[in-house]
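Enquirer: One structure coming up, written as structure tokens, with questions to follow.
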Amino acid sequence: MNIGSKGEKTRADIVGCANRLFYELGYEATSFSDIVDASGLYRGNIYHYFKSKEDILRAVVEQRLVEFRTLLTQWDKAHTNPKARLLAFVDMITGHQSELVEYGCPIGSLNTELGKDRRDLQLAARALFDLFRDWLAVCFVALGRGAEAKTMALHLLGRAQGIAVIAHVYQDKCLLKRETDQLEVWIRQL
């Protein structure tokens, strides 16, 4: 996003603060006041951009979607081989191992939390998973796995989420690395 005006920058700063807090603390544990404090703005200034914490969450999801679409486009341009694209996905996991071990997966954690009692918001956040699922399926189609592409995409997404959860539970970077190494072997053997 090209942030041109002061208002666009302020809005982006609010979304950035909320994104970090939602990831590190969780959506429910983050209060509107926490967002106000982290942003350094007055509450009234934030209300100018967002009327509720739910509105901020929707903006966070939209911002994450923009960032992930950009990332997937970069991978598509950088790697003509679909296996290399799948490996880039796995590399993303290892590239964020410290955060994953500390806080879990930002997409998985958010969806799990919202799915318990905020199903309306979880449906919006699920778009993050849908984006990766669909992109992974395209990669599997390109590998000649058309009939099973969606199933394989969900398998890879599920393995990645499982790795993030277990590495977080045990606070174990070595476990994360071992498991992602196994995913890489599986991809190379396709």
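Enquirer: May I ask you to give the percent of accessible area on the chain that is carbon plus sulfur, with a probe radius of 1.4 Å?
Expert: Its accessible area is 53 percent carbon and sulfur atoms.
Enquirer: Ok, one more. How high is the relative contact order of the range 4-82? Use alpha-carbon pairs under 8 Å, at least six apart in sequence, and give a whole percent. Working shown, then result.
Expert: On the way: 32 pairs, mean separation 24.6, N = 79.
It rounds to 31 percent for the range 4-82.
Enquirer: So what is the 222 nm mean residue ellipticity for the chain from helices alone, if each DSSP H run of at least 4 adds -39500 (n - 2.57) and you divide by all residues, rounding to the nearest 500 deg cm²/dmol? Provide the component values of the computation, followed by the final result.
Expert: Numbers: 10 runs with 156 residues, N = 190.
Helix contribution divided over all residues of the chain: -27000 deg cm²/dmol.
Enquirer: Rounded to whole Hz and in sequence order, give me ³J(HN,Hα) for the range 18-24 from the Karplus expression 6.51 cos²θ - 1.76 cosθ + 1.60, θ = phi - 60°, writing x for Gly and Pro.
Expert: For the range 18-24, the Karplus-derived couplings read 5, 4, 4, 5, 4, 6, 6 Hz, x marking Gly and Pro.
Enquirer: Using a probe radius of 1.4 Å on heavy atoms only, what accessible surface per residue do you get for the chain? Whole Å² is fine. Mind showing how you got there, number by number?
Expert: Details: 10070 Å² over 190 residues.
Heavy-atom SASA per residue in the chain reads 53 Å².
Enquirer: If I fit a long axis through the Cα atoms of helix 82-95 and take the longest principal axis of the Cα atoms of the chain, what angle between them do I get, 0 to 90°, rounded to 10?
Expert: Long axis of 82-95 versus the principal axis of the chain: about 50 degrees.
Enquirer: Can you give the relative contact order of the chain as a percent, counting alpha carbon pairs under 8 Å and 6+ residues apart?
Expert: Working: 155 pairs, mean separation 43.5, N = 190.
That works out to 23 percent.
Enquirer: At a 1.4 Å probe radius, which order do 23, 170, 42 fall into by accessible area, largest first? Walk me through the intermediate numbers first.
Expert: Numbers: 23 45, 170 150, 42 175 Å².
Correct descending sequence by accessible area is 42, 170, 23.
Enquirer: Testing the spin-label approximation: label points 7 Å from Cα along Cα→Cβ at residue 5 and residue 138. State their distance in nm.
Expert: Between residue 5 and residue 138, the simple spin-label model gives 3.2 nm.
Enquirer: Size of the dipole of the chain about the Cα centre, Lys and Arg at +1 and Asp and Glu at -1 on the beta carbon, nothing else charged, in debye to 20?
Expert: Values: 25 positive and 24 negative charges, 90 e Å.
Dipole about the Cα centre, nearest 20: 440 debye.
Enquirer: If you don't mind, there's one more thing I want to ask. Relative to the longest principal axis of the C-alpha atoms of the chain, give the angle of the C-alpha long axis of helix 119-142, reported between 0 and 90° and rounded to the nearest 10°.
Expert: The angle comes out near 30 degrees.
Enquirer: By a straight-distance test (C-alpha under 20 Å), which lysines pair with residue 177 as possible cross-link partners, with residues fewer than eight away in the same chain excluded?
Expert: Those lysines meeting the cut-off are 83.
Enquirer: Give me the angle, in degrees from 0 to 90, between the Cα long axis of helix 149-170 and the longest principal axis of the Cα atoms of the chain, rounded to the nearest 10.
Expert: With both axes taken from Cα atoms, the answer is about 60 degrees.
Enquirer: Let me ask something else. So, in Å, what gap is there between the alpha-carbon centers of the range 29-67 and the range 99-151?
Expert: Each part's Cα centre sits 23 Å from the other's.
Enquirer: Further question: What order do you get for 103-110, 162-169 when each peptide is scored by the mean count of other beta carbon atoms within 10 Å, highest first?
Expert: On the way: 103-110: 21.0, 162-169: 18.5.
Going from most to least packed, we get 103-110, 162-169.
The values are calculated or read from the model by the stated rules, or taken from the named source; none is laboratory data. From a predicted model like this one, the values you see are computed outputs, not experimental measurements. Counting neighbours? That spans all protein chains shown, and the Cβs are built from the backbone with ideal geometry, glycine included. Only protein heavy atoms, including side chains, enter the accessible area calculation; ligands, DNA and RNA are left aside. Shrake-Rupley method; radii C 1.70, N 1.55, O 1.52, S 1.80 Å.
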